[in-house]
Amino acid sequence: MKRIGVFTSGGDAPGMNAAVRAVVRTALYHGIEVYGIMRGYSGMIKGEIVKLDSTSVANIVQRGGTILKSARSQRFTTKEGRQEAFDQLVNHRIEGLVAIGGNGTFTGAELFEREFGIPTVGAPGTIDNDLYGTDYTIGYDTAVNTALDAIDKIRDTADSHDRAFFVEVMGRDSGYIAIPCAIGGGAEIVLVPEQVQSIDTVIETLQVARKRQKSSFLIIVAEGDEEGNATTIAAKVKEAIPEMDARVTVIGHIQRGGAPSAADRLLASQIGIAAVEGLLNGMRNVMAGIVDRKLVYTPFQECISRKKMINQGFMRMVEILSV
Ligand code: F6P
């Protein structure tokens, strides 16, 4: 293999730049040319492909976002779109790819390889930490710290005004961001899609806490919770406990930005190197990840289809620590 391409796709995540830097420098270290594909699959289809050298990735290890930009491409979900992308790769003589992204990115990469035979190794880049095959995804640690910083501030005002705050965090269909925010933020309740809690249970927990003279409350709601979002849940609780002064905060896209934490920079660098070396060692259709501190490569198919389980011990911790 003489030339590879690298791209970021799906929702951006802090640490993606550190991963791009590691990919580029590892390729150069091994004497391989490396091209950056802008805007994920969308730029691949349009041929937005630029040669990268060592200086192209200088001074980015600490920057949030992605210098390669990111997008979610509808066109790539069609056979014609994938054909156009393949033609562009052939024109640029790109023989292998490193895909930095999440579920959607790897679903596309897996299909693309089956149809056109372009070997791809993935690097898990998403704040959601919802990928099987790695304990942590690039961007997750930073996102949790960003959310927790906001929650600490909300707690101050909740306490001053004796209020209940329903705080919605990101995570798509997973509660991975919500759980450490609840434990680290000292929340009374955490609502996650993986373990449905009825509104009645939420109301009962809050009523018990009120009886014990608690006057301010934090309820962390993962955006994918099946009982609803923070706004609808807060409305139902308010209906049941009208004397409770409740407010809603949706932390939103702040969770996606900012300088990556030390843990994310380290993970991104490790995985970026592993992705390129995996590709050069003949791996394809796998994602590089770290499980129990060891580097592992997991087939895309498994990463996409297998559900990463929530540690039930963490849910119990929220319950115990809010007594
Ligand atoms: O996958 C990352 C993520 O931030 C999810 O947590 C969230 O559901 C989604 O992306 C938001 O996507 P968009 O930026 O397209 O609104």
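The values are calculated or read from the model by the stated rules, or taken from the named source; none is laboratory data. Bear in mind the structure is a predicted one, so any value in this text is a computation, not a measurement. Here Cβ is always computed from backbone atoms with ideal geometry, including for glycine, and neighbour counts include all displayed protein chains.
Condition check ((1) acidic (Asp, Glu); (2) modelled with pLDDT of 95 or more; (3) under 16 Å from the mean Cα position of the chain (by Cα); (4) closer than 26 Å to PRO193 by Cα) across all residues:
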{"position": "PRO260", "(1), (2), (3), (4)": "no, yes, yes, no"}
{"position": "ASP264", "(1), (2), (3), (4)": "yes, yes, yes, yes"}
{"position": "GLN270", "(1), (2), (3), (4)": "no, yes, no, no"}
{"position": "VAL276", "(1), (2), (3), (4)": "no, yes, no, no"}
{"position": "GLY282", "(1), (2), (3), (4)": "no, yes, no, no"}
{"position": "GLY289", "(1), (2), (3), (4)": "no, yes, yes, yes"}
{"position": "VAL296", "(1), (2), (3), (4)": "no, yes, no, no"}
{"position": "MET309", "(1), (2), (3), (4)": "no, no, yes, yes"}
Working only within the stretch 137-179, note down all residues that are of a type in the set (Asp, Glu) and either outside any strand (DSSP E or B) or within 12 Å of the chain's Cα centre (by Cα) (or both).
ASP141, ASP149, ASP152, ASP156, ASP159, ASP162, ASP173
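Only one of THR126, THR105, THR137, THR120 is in contact with a Lys or Arg (Cβ under 8 Å, 6 or more places away or on another chain), of a type outside the set (Asp, Glu) and in contact (Cβ under 8 Å) with a residue 40 or more places away in the chain. Can you tell me which?
Details: THR126 fails: in contact with a Lys or Arg (Cβ under 8 Å, 6 or more places away or on another chain); THR105 fails: in contact with a Lys or Arg (Cβ under 8 Å, 6 or more places away or on another chain); THR137 fails: in contact with a Lys or Arg (Cβ under 8 Å, 6 or more places away or on another chain).
Unique residue meeting the criteria: THR120.
One line per residue, one yes/no per condition, for (1) crowded, with 16+ Cβ neighbours inside 10 Å; (2) in the same structural domain as ALA123 (by TED's automatic domain parsing); (3) without any contact (Cβ under 8 Å) to a residue 60 or more places away in the chain:
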residue	(1), (2), (3)
GLN213	no, no, yes
THR231	no, no, no
VAL296	no, yes, no
GLY313	no, no, yes
Mind listing whichever residues of the stretch 137-165 are more than 11 Å from the ligand (Cβ to nearest atom), buried (at least 19 other Cβ atoms within 10 Å of the Cβ) and of a type in the set (Ser, Thr, Tyr)?
THR142, THR146
Matching residues in the stretch 166-189 - criterion: being away from the ligand (no atom under 16 Å from the Cβ) and either surrounded by 24 or more Cβ atoms within 10 Å (Cβ to Cβ) or of a type in the set (Val, Ile, Thr) (or both)
PHE166, ALA182, ILE183, ALA187, ILE189
Turns out the strands (runs of 3 or more DSSP E) fully within the stretch 215-323 with at least 2 residues that are within 15 Å of ALA164 (Cα to Cα) are 217-222, 246-250
Which residues, counting only those in the stretch 128-184, are in contact with a helix residue (DSSP H, G or I) (Cβ under 9 Å, 6 or more places away or on another chain) and of a type in the set (Lys, Arg)?
ARG155, ARG163, ARG172
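To keep it simple, each residue is scored yes or no on (1) in the same structural domain as ASN129 (by TED's automatic domain parsing); (2) β-branched (Val, Ile, Thr); (3) closer than 23 Å to GLN255 by Cα; (4) within 16 Å of the ligand (Cβ to nearest atom).
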position	(1), (2), (3), (4)
SER9	yes, no, yes, yes
MET16	yes, no, yes, yes
ALA19	yes, no, yes, yes
VAL24	yes, yes, no, no
ALA27	yes, no, no, no
GLY31	yes, no, no, no
VAL34	yes, yes, no, no
TYR41	yes, no, no, yes
VAL50	yes, yes, no, no
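Does the stretch 128-136 contain any residue that is more than 11 Å from the chain's Cα centre (by Cα), polar (S, T, N, Q), within 16 Å of the ligand (Cβ to nearest atom) and in the same structural domain as ALA18 (by TED's automatic domain parsing)?
Start the filter on the stretch 128-136 by keeping residues that are more than 11 Å from the chain's Cα centre (by Cα), which leaves 132-135.
The next check asks that each one be polar (S, T, N, Q); those that pass are 134.
If we keep only those that are within 16 Å of the ligand (Cβ to nearest atom) too, we end up with 134.
If we keep only those that are in the same structural domain as ALA18 (by TED's automatic domain parsing) too, we end up with 134.
Yes, that holds for at least one residue.
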Which ones in the stretch 81-129 are buried (at least 24 other Cβ atoms within 10 Å of the Cβ), in a loop (DSSP other than H, G, I, E, B) and in contact with a Phe, Trp or Tyr (Cβ under 9 Å, 6 or more places away or on another chain)?
THR126, ILE127, ASP128, ASN129
Report every pair of residues separated by at least 6 positions or lying on different chains whose Cβ atoms are under 6 Å apart, first residue within the stretch 164-182 and over 17 Å from ILE233 (Cβ atoms) and in the same structural domain as SER216 (by TED's automatic domain parsing), second within 11 Å of the ligand (Cβ to nearest atom) and among the charged types (D, E, K, R).
ARG172/ASP128; SER174/ASP128; SER174/ASP130
